[in-house]
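Below you'll find the structure, written out as structure tokens, and then a few comments.
The values are calculated or read from the model by the stated rules, or taken from the named source; none is laboratory data. Just so we're clear, the structure is a prediction, and the values are computed from it rather than from any experiment. We place every Cβ from the backbone using ideal geometry, glycine too, and count neighbours over all the protein chains shown.
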Ligand SMILES: Nc1nc2c(ncn2[C@@H]2O[C@H](COP(=O)(O)OP(=O)(O)OP(=O)(O)O)[C@@H](O)[C@H]2O)c(=O)[nH]1
Ligand SMILES: [Mg+2]
């Protein structure tokens, strides 16, 4: 992707050196810095950056002035000169002061992982909601980094880290940024209300919601397309999808559910972004069932699954029933396949295999149908018996003296809702 800078008015590609600093704190997180760096390369390429080289440093703690050590700054300068780089991208988050110090010392554009992700999102946002959310995240990221500076932002020029969504230009002054943030939050509130109305309508219509959730590039949009013929954007790049798309999916047995594709997750997803995207991610919260799509062929499979579970927890969706779809098994090595957990709630699939698609809809139907439970209801509790008929599917009725024994299929959601009335009558 060619990017125009203010300075020259010509197309200048970002030519970047990537930098990773491995501190003791990072080592303790258990995240493999090499895999994180590989992901940074993918992120940079997704943003249209040409990656020239990668520099690494191990250091107990970051340098407060430069982030990396002074000697490493010198090494970066030499590498940038030799390779003709105009940008350095850091895999960890930098402070405003560190960015300024590095920019002054190196005469390079300095970007960190968070800014790179925000930039990709800015390039992707299409709907009004997406555009507002990205701009809000960008400004929230920027504001604390302007502290004490009062410097105008025109130095940012063009290229990655400077792309803004829509027409709106970054204002040069903190007060304006704060005003803009307030305004964006107000607009977002409106969008959220509209979205809630839509959801309310779907809920009233009795639609069951199923959300496709997972790490970026796992194959969520591909599955939506394969399962429902939806015309969605699919790309072998990170964050192809920003805005949720919903389609009706007919399950084995004829029941219909609403299947929603969502924005992909990534490790160290910028906090401001998660906060801003809460409106969009509410779709996940509302779901009756989460399909957690995993790229089973990724060397980071386990870490990616953990990231997804953590974000689901943050969203308050950790207890929603979940089916894990290990996708892309056509790309897996035999030993990778062996490592995958099996059993209920897990499926190994390839999004392009029609038989696997059928297995998915069957498992969704089973999961939504719920478990069967036995109840013992005293003869004088006709209210409880009729509640059972109303919320569940009574499979069998037998009589034992004055009690009626029911075998009932009840989905988890209904049990959660009515459990306070039913729990006393469950027959082990
Ligand atoms: N070989 C193989 N490739 C797959 C499979 N499923 C998806 N892909 C490819 O994986 C890439 C990413 O697919 P998407 O559907 O865009 O992934 P996503 O999860 O929606 O990604 P984001 O929207 O970026 O979060 C595309 O190139 C797909 O063609 C699969 O089962 N096997
Ligand atoms: Mg997608």
Can you tell me which residue in the stretch 200-230 is farthest from residue 357 (Cα to Cα), limited to those that are in contact with a strand residue (DSSP E or B) (Cβ under 9 Å, 6 or more places away or on another chain), modelled with pLDDT under 85 and part of a loop (DSSP other than H, G, I, E, B)? 207
Could you say whether any residue in the stretch 17-29 is buried (at least 16 other Cβ atoms within 10 Å of the Cβ), part of a helix (DSSP H, G or I) and not assigned by TED's automatic domain parsing to the domain that holds residue 301? yes
Within the stretch 226-246, the residues that are free of Cβ contacts under 8 Å to residues at least 60 places away in the same chain and more than 6 Å from ligand 1 (Cβ to nearest atom) are 228, 229, 230, 231, 232, 233, 244, 245, 246
Given the criteria away from ligand 2 (no atom under 13 Å from the Cβ) and in a helix (DSSP H, G or I), does residue 182 qualify? yes
Verdict on residue 220 being touching a residue at least 24 places away in the same chain (Cβ under 8 Å), away from ligand 2 (no atom under 13 Å from the Cβ) and at negative phi: no
Determine, yes or no, whether residue 70 is more than 24 Å from residue 298 (Cβ to Cβ) and without any contact (Cβ under 8 Å) to a residue 12 or more places away in the chain. yes
Residue 302, sole failed condition from (1) within 27 Å of residue 32 (Cβ to Cβ); (2) surrounded by fewer than 19 Cβ atoms within 10 Å (Cβ to Cβ); (3) under 15 Å from the mean Cα position of the chain (by Cα): (3)
Filtered residue count, the stretch 317-352, keeping only those that are more than 11 Å from ligand 1 (Cβ to nearest atom) and either over 24 Å from residue 366 (Cα atoms) or surrounded by 14 or more Cβ atoms within 10 Å (Cβ to Cβ) (or both): 16
Residues (within 13 Å of ligand 1 (Cβ to nearest atom) and surrounded by fewer than 20 Cβ atoms within 10 Å (Cβ to Cβ)) located in the stretch 196-225: 225
Suppose the filter is surrounded by 13 or more Cβ atoms within 10 Å (Cβ to Cβ), modelled with pLDDT of 90 or more and more than 24 Å from the chain's Cα centre (by Cα); does residue 362 pass it? yes
Check residue 319 against each of (1) within 16 Å of ligand 2 (Cβ to nearest atom); (2) closer than 24 Å to residue 411 by Cα; (3) in a loop (DSSP other than H, G, I, E, B) and name the one condition it does not meet. (1)
Go through the stretch 247-274 residue by residue and tally those that are in a strand (DSSP E or B) and either more than 24 Å from residue 118 (Cα to Cα) or away from ligand 1 (no atom under 14 Å from the Cβ) (or both). 8
Give 137, 85, 97 a once-over and let me know the one that is touching a residue at least 24 places away in the same chain (Cβ under 8 Å) and assigned to a loop (DSSP other than H, G, I, E, B). 85
Can we say residue 375 is within 16 Å of ligand 2 (Cβ to nearest atom) and touching a helix residue (DSSP H, G or I) at 6+ places or on another chain (Cβ under 9 Å)? no
For the stretch 275-302, name all the residues that are within 16 Å of ligand 1 (Cβ to nearest atom) and either out of contact with any strand residue (DSSP E or B) (no Cβ under 9 Å at 6 or more places or on another chain) or part of a helix (DSSP H, G or I) (or both). 277, 280, 281, 283, 284, 299, 301
Can you name the residue in the stretch 279-298 that is modelled with pLDDT under 85 and farther than 12 Å from residue 258 by Cα and, of all such residues, is nearest to the chain's Cα centre (by Cα)? 281
